[in-house]
1. Could you identify the single residue in Ala135, Ala65 that is in a helix (DSSP H, G or I) and at pLDDT 95 or above?
2. Would you check if there is a residue in the stretch 19-28 being without any contact (Cβ under 8 Å) to a residue 24 or more places away in the chain, assigned to a helix (DSSP H, G or I) and under 60 Å from the mean Cα position of the chain (by Cα)?
3. Just to be sure before I move on: is Glu58 at pLDDT 95 or above, among the acidic types (Asp, Glu) and surrounded by 10 or more Cβ atoms within 10 Å (Cβ to Cβ) in the structure I sent?
4. Do we have Ala53 as surrounded by 10 or more Cβ atoms within 10 Å (Cβ to Cβ), part of a helix (DSSP H, G or I), within 60 Å of the chain's Cα centre (by Cα) and among the aliphatic types (A, V, I, L, M) here?
Amino acid sequence: MAVSTAAVVTAAATVKGVSDARKAQKEAGRRAEEAQRVATTQAEQARVDAAAALAALEKKAAAEAADRQRQLESYNTMVSAQQDQAKAAREALAAESQRYTEQKAEMEKQAADIQKQIEEQRRKEGKKESARIKAARRGGTRALLSDARLNPEIGIGPMGAGGDGKTSSLGGA
């Protein structure tokens, strides 16, 4: 059987074409695998980068939350201290007001007592003066020559004196 050159050439060309197609298919498969590996590597790297970014954000958020908590505690401490100071100031004011009220009442009582003593003293002085004037009017020629009275125990003393320590005897002035 004679095979024609054209059939051989065609067969060789077909074999070469099949061989080239297989090589191209292998090359395409290798490139696809390489592209898939690159894509997988890039995806893995992106996942790692995203996880690292997420961890950094979580760490930053936790640090900020801790800082806010410290600030809040600091503010609460200051507020508590100010509330304690205000409470102490209110208590001091209440105590001072109470003391003022007590002192005012005491002073008013003392003023009333002094006023009562003054009025009583005026009344006594008025009675004494009235008695002296009455004695002078009734006594006629027997009017008293002075306001001094003779006291049998202490001698001559001021009118109405009764042991006040200011005495004089008849012989001494």
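1. Answer to the selection: Ala65.
2. First pass over the stretch 19-28, keeping only residues without any contact (Cβ under 8 Å) to a residue 24 or more places away in the chain: 19-28.
From what's left, assigned to a helix (DSSP H, G or I): 19-28.
From what is left, the residues that are under 60 Å from the mean Cα position of the chain (by Cα) are none.
Among the residues of the stretch 19-28, not one is without any contact (Cβ under 8 Å) to a residue 24 or more places away in the chain, assigned to a helix (DSSP H, G or I) and under 60 Å from the mean Cα position of the chain (by Cα), which makes the answer no.
3. Details: at pLDDT 95 or above: yes; among the acidic types (Asp, Glu): yes; surrounded by 10 or more Cβ atoms within 10 Å (Cβ to Cβ): yes.
Yes; evaluated as a whole, the condition is true for this residue.
4. Taking the combined requirement at face value, the residue satisfies it.
The values are calculated or read from the model by the stated rules, or taken from the named source; none is laboratory data. Owing to the predicted nature of the structure, the values given are computational and were not obtained by experimental measurement. Neighbour counts are summed over all protein chains in view; Cβ atoms, including those assigned to glycine, are modelled from backbone coordinates with ideal geometry.
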